[in-house]
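Asker: Once you've had a glance at the structure underneath, I'll fire off some questions.
The values are calculated or read from the model by the stated rules, or taken from the named source; none is laboratory data. Source: prediction; values computed, not measured. Note that we place each Cβ from the backbone using ideal geometry, even for glycine, and neighbour counts take in every protein chain shown. Side chains are part of the model used for accessible areas, which takes the heavy atoms of the whole protein and leaves out ligands, DNA and RNA. Shrake-Rupley method; radii C 1.70, N 1.55, O 1.52, S 1.80 Å.
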Amino acid sequence: VGSMTGRDIVAISDFNRAELDLILETALRCELGASKRHFSHLLQGSILAAVFLEPSTRTRLSFESAMQRLGGGVISVAEALSSSLVKGESLSDMIRVIEQYADVITLRSPEKGAALVAADVASIPIINGGDGTHEHPTQALLDLYTIKKERGRLDGLTVAMVGDLKNGRTVHSLIQALLPYKPTILPVAPEELALPEEWVRRASEANVHVEHPASFDDALAHADVIYMTRVQRERLSSGVDYATLQYSYRLDRAAIERTRCTASIMHPLPRLTELAEDVDVLPTAAYIRQAGNGIWVRQALLGLVLGGF
Ligand code: NCD
């Protein structure tokens, strides 16, 4: 494994298995070390710029919290309207300026490819916090961390991906992140929101099986992990009807009991109608723990790219 100091994190495909494992091990060290005093100044003197040009709760706040808990400072743009993009400034110009003020930038944008554009112009590390329908690599890393913790391993798991597999960037990044661990992927989506060919191809090139289950119940009965996602209303193509699609697949306690589903239930959040609140009390409901794991994984990433670990 080469050094990660100074690296950009644009897409999950930037990492090989050894690097993914290193990130997960570093995240575990962060979790176990959280109460140790030296952790609270590992990144003292460094500044994170959290540039979020699209709504976010978990990603931005967990990056900011991760940085502050390691002793670093944070400056942020919380919405596009408060940045100079509304005056017509280009993303490249904005990034070139922000890099004068910070040591690392996390960027979320509605545009596919924005993180790559930023990484090309910036000399400090750019961490992709989600670029349109494309990728959300740090979410995928915390998803891997959560799967490993909940299931005790990553290799050879059966993972059902449910919901908006077309527009959901967390799905795209998680599939890519799982490939080295040879999962079986069970896609469950309405036709309009099916997994794009590009991701099916990447899986088959890695000799990973994408198997269409006979039904949602069939997926529930066979999976080790159920990864629920919301229909990405703001990204739907015109002519696609949100009102009907939102009820395509709904996971509730009755479905879990009916299928004797023992899978870990995950969701990147925010959840809407696809995941009933009566699931929350089940021990297999992992989504709140999953969001919490974002801290350890983002601490690991910040520490690694800043050379603090
Ligand atoms: C996701 C995202 O932004 O892609 N949210 C997150 O970061 N946890 C999922 C979503 O918005 O549906």
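Asker: Mind listing just one residue for me: the one in segment 200-236 that is of a type in the set (S, T, N, Q) and touching a residue at least 12 places away in the same chain (Cβ under 8 Å) and, of those, farthest from G156 (Cα to Cα)?
Answerer: So the residue we want is Q232.
Asker: Can you spot a residue in segment 230-252 that is within 16 Å of the ligand (Cβ to nearest atom), charged (D, E, K, R), open to solvent by less than 10 Å² (accessible area, probe 1.4 Å) and within 22 Å of L174 (Cα to Cα)?
Answerer: Looking for residues that are within 16 Å of the ligand (Cβ to nearest atom), charged (D, E, K, R), open to solvent by less than 10 Å² (accessible area, probe 1.4 Å) and within 22 Å of L174 (Cα to Cα), one finds none in segment 230-252, hence no.
Asker: Kindly indicate whether any position in segment 1-16 is acidic (D, E), touching a residue at least 24 places away in the same chain (Cβ under 8 Å), assigned to a helix (DSSP H, G or I) and open to solvent by 50 Å² or more (accessible area, probe 1.4 Å).
Answerer: The answer is yes, given that some residue of segment 1-16 is acidic (D, E), touching a residue at least 24 places away in the same chain (Cβ under 8 Å), assigned to a helix (DSSP H, G or I) and open to solvent by 50 Å² or more (accessible area, probe 1.4 Å).
Yes/no per residue for (1) within 16 Å of the ligand (Cβ to nearest atom); (2) in contact (Cβ under 8 Å) with a residue 60 or more places away in the chain:
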position: A263; (1), (2): no, yes
position: L275; (1), (2): yes, no
position: V279; (1), (2): no, no
position: N293; (1), (2): yes, yes
position: L301; (1), (2): yes, yes
position: L304; (1), (2): no, yes
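Asker: Also, quick follow-up: Hey, does segment 254-262 have a residue that's surrounded by fewer than 24 Cβ atoms within 10 Å (Cβ to Cβ), within 22 Å of the chain's Cα centre (by Cα) and of a type outside the set (A, V, I, L, M, F, W, C)?
Answerer: Within segment 254-262, none of the residues are surrounded by fewer than 24 Cβ atoms within 10 Å (Cβ to Cβ), within 22 Å of the chain's Cα centre (by Cα) and of a type outside the set (A, V, I, L, M, F, W, C).
Asker: Based on this model, can you work out whether L154 counts as modelled with pLDDT of 95 or more, within 30 Å of P190 (Cβ to Cβ), of a type in the set (A, V, I, L, M) and within 16 Å of the ligand (Cβ to nearest atom)?
Answerer: No; evaluated as a whole, the condition is false for this residue.
Asker: Now for a different question. For segment 56-146, list the strands (runs of 3 or more DSSP E) that sit wholly inside it and hold at least 2 residues that are within 13 Å of the ligand (Cβ to nearest atom) and open to solvent by less than 10 Å² (accessible area, probe 1.4 Å); which are they?
Answerer: 104-109, 126-131
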